[in-house]
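Structure record follows, encoded as structure tokens.
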Amino acid sequence: MADDHEPLSERQISSVIRQLSSEHAARVVERDRARAWRRVELGARPAAAPPFSAGAGAGRVAMFVLAVAVAAGVLLGLGFRADSQLSYELSGATAQAGVIEARRGEATVSLSDGSSILAENQTKFSVDVVGRNSALTRLVSGRLHVRVQHNADTSYRFIAGPYEVRVVGTEFDLGWDPQRGLSLSMSKGEVRLIEPGGKLRTLGPGQSLQLPGLDRALSTLPAAPRAEAAKPAPTQASEQGERTRSMQQAATAASWDGLVAKGQFADVVREAETLGLETVLASRGASDLKALGQAARYVGKRALALRAFTALRERNRGSESARNAAFFLARLQEEQGNQAEALRWLGSYVSESPRGVYAAEAYGRRLSLTERLHGRVAALPLAREYLERFPEGAYAQSARAIAQPSR
Amino acid sequence: MRFASLACVVAIVPSSFSAPPAESSAERTRELCAAILRGDAGWQRRAFDAFHGLVHGLLIKTLGPRAEIADLTGDVFVTFFASAHRIHSEHSVRSYLVSITMNLARRELRQRKRRALFQRFAGSVADYEQEAGADDPKAKAALRQLSRILDELATEDRVVFVLANLEDMQAHEIAEMLGVSESTAKRRVRRANEHVLKRVSRNALLADYVHTRKEWRRG
């Protein structure tokens, strides 16, 4: 191919690199502008040093000493890294209340274990870290190209409508549209797909699959669980039947926390739906309601999550779990775009649990939402309060920007 | 002392960076500089809006289409805002930013090489932070491959390659900026060019792509 042409020159190559770089820059500049400014606003610790200087002899000695220390630290850090929590970086999109939406071209989620998720334009999804090498991705709509780095305990789950894809290490494309359905196309490795009725499929390299949308998928579910879920609780159940039911419920109840801990959120929600949501919400204890609320949130059933946390709060008034439920309700409301309602719940949480486990985050979110909804003047006392209580907190930079705007 | 070194930086940045492209732009830069010196409210945002494109473009040329470019751009401005009060003329704003940008790029390249080394040591793959390129798949693939070839260069050689070939700086300007002799700068430019030319020429698909692009053709 190239042999048909004259030999390349440095000028040609440089020109092409310059042109390609400029084209790429033009394509992403507006998107990157917002993100860069946000980083400025957050007052990120600058990675850049002052400009080049000739007389930096003493600095270089210090740099050498520092480099030795850093090298030692990094070597030690390798061991630490193996035990550290999975984390990810998002580029090309912004996350609004946990939901990532690629609006201007592709978005990339780069995970610390080397895995990556490339979202096509107009794709909506969320990513939740579940464990050291475990993450749950909920694809609301759109298409993802996924590459999962295999590790001994890798467990990636992708929820797309009623479907769940479980991955250990692989590369594939996953598309979901509630009307058109699910498409799964494998490049490498193997995945397991769980259909709404529990049917399990295994797909290998080169295989692809097309499954129906939400309505058709749910219509294929067996009628029995639905009928049972819809059926009101019997008023005069036999003693034997009642005992069996109680035992079943107790067995399930004992496992919900564990299922959430293992990331099996869809299983929790499915069980709750099978048992009947009204019954569950009216009878289950605080830990189950919390587990159900979390599981429902993770699989995208925010309405159910709201119901679970509301029930938890109403049925366990004054308890710590009820107070914490206010924080979860705030987060859910914010995820749904109900900022005023989220602010109200955050207010409840900080007044009920000013030193609670979520206090730092709650004070920070309250500050952020107050500024957004009511302006800087309204946020000023909250910023001062935040800085007094959490001078090194995650929202300290934002608080300082509000409290000391001239700096 | 830092003020003195800043003045030095300002002096060595080439005319392509320091000369404002148009009268209105020069006027805006002058006003901006005055705003910085007076500490006017909102000068940071004005500076960001005026120079974001410059910093962003330089970082992409130097570091490739990486996902972290936006964050690094933000870092450049954070550094700039912390020390911009030392600027003493409108020409300094642009050149000071260029210097900060290239300094950050140089550090980022070094860090990236260290990360790659450790990742090799730890047995993991390192190129996941590459960002998607242009919509044209050929352009996307070409940009990624060219970026990988530039990744093979030593940090100083890469910076020199960008300044010489992509920013059209002269060897003496590069030498002053990097604090090396002119002959060292020339040697690095030559070494970087040879490496890139050799690697691109050996890659049949990439070489073919370079031939098919029209931008470099004259007349």
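The values are calculated or read from the model by the stated rules, or taken from the named source; none is laboratory data. These numbers come from a predicted model, not from an experiment. Here the Cβ positions follow ideal geometry from the backbone for every residue, glycine too, while neighbour counts run over all protein chains shown.
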Can you tell me which of B:122, B:164, B:141 is at pLDDT below 80 and either facing chain A (nearest Cβ under 9 Å) or in contact with an Asp or Glu (Cβ under 9 Å, 6 or more places away or on another chain) (or both)? B:122
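For residue A:356, indicate whether it is surrounded by 16 or more Cβ atoms within 10 Å (Cβ to Cβ), out of contact with any His (no Cβ under 6 Å at 6 or more places or on another chain), in contact (Cβ under 8 Å) with a residue 12 or more places away in the chain and not in a helix (DSSP H, G or I).
Details: surrounded by 16 or more Cβ atoms within 10 Å (Cβ to Cβ): yes; out of contact with any His (no Cβ under 6 Å at 6 or more places or on another chain): yes; in contact (Cβ under 8 Å) with a residue 12 or more places away in the chain: yes; not in a helix (DSSP H, G or I): yes.
The answer is yes for residue A:356.
Would it be correct to say that residue B:17 is assigned to a helix (DSSP H, G or I), at pLDDT 80 or above, among the aromatic types (Phe, Trp, Tyr) and outside the structural domain of residue B:168 (by TED's automatic domain parsing)? Walk me through how you get there before you give the answer.
Numbers: assigned to a helix (DSSP H, G or I): yes; at pLDDT 80 or above: no; among the aromatic types (Phe, Trp, Tyr): yes; outside the structural domain of residue B:168 (by TED's automatic domain parsing): yes.
So residue B:17 fails the test.
If you check B:158, B:188, B:199, which single one turns out to be more than 12 Å from chain A (Cβ to nearest Cβ), part of a helix (DSSP H, G or I), crowded, with 18+ Cβ neighbours inside 10 Å and touching a residue at least 24 places away in the same chain (Cβ under 8 Å)?
Numbers: B:158 fails: more than 12 Å from chain A (Cβ to nearest Cβ); B:199 fails: more than 12 Å from chain A (Cβ to nearest Cβ).
Criteria check complete, one pass: B:188.
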Pairs please, first residue from the range A:7-21 and facing another protein chain (nearest Cβ under 7 Å) and over 16 Å from residue B:203 (Cα atoms), second anywhere and surrounded by 20 or more Cβ atoms within 10 Å (Cβ to Cβ) and polar (S, T, N, Q), Cβ atoms under 8 Å, 6+ apart in sequence or on different chains. A:18/B:165
When residues of the range A:1-21 are filtered for being modelled with pLDDT of 80 or more and surrounded by fewer than 16 Cβ atoms within 10 Å (Cβ to Cβ), how many remain? 2
Considering the range B:80-94 alone, what residues qualify as being surrounded by fewer than 22 Cβ atoms within 10 Å (Cβ to Cβ) and at the interface with chain A (Cβ under 9 Å from one of its Cβ atoms)? B:81, B:82, B:83
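Tally up the residues in the range B:95-108 that are more than 8 Å from chain A (Cβ to nearest Cβ) and crowded, with 22+ Cβ neighbours inside 10 Å, please.
Quick first cut of the range B:95-108, residues more than 8 Å from chain A (Cβ to nearest Cβ) only: B:95, B:97-98, B:105-106.
Adding the requirement that they be crowded, with 22+ Cβ neighbours inside 10 Å leaves B:95, B:97-98, B:105.
Residues that pass the stated criteria total 4.
Of the residues A:281, A:275, which single one is of a type in the set (A, V, I, L, M, F, W, C), farther than 22 Å from residue A:331 by Cα and buried (at least 18 other Cβ atoms within 10 Å of the Cβ)? Write out each step before concluding.
On the way: A:281 fails: farther than 22 Å from residue A:331 by Cα.
Step by step, each of A:281, A:275 is checked, and only A:275 is of a type in the set (A, V, I, L, M, F, W, C), farther than 22 Å from residue A:331 by Cα and buried (at least 18 other Cβ atoms within 10 Å of the Cβ).
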Examine the range A:163-176 for a residue that is among the small types (Gly, Ala, Ser), surrounded by 17 or more Cβ atoms within 10 Å (Cβ to Cβ) and under 23 Å from residue A:28 (Cβ atoms), and state whether such a residue exists. no
With respect to the numbered conditions (1) within 13 Å of another protein chain (Cβ to nearest Cβ); (2) at positive phi, which one is the sole condition not fulfilled by residue A:108? (2)
Does the range A:170-182 contain any residue that is closer than 15 Å to residue A:137 by Cα, in the same structural domain as residue A:152 (by TED's automatic domain parsing) and touching a residue at least 60 places away in the same chain (Cβ under 8 Å)? no
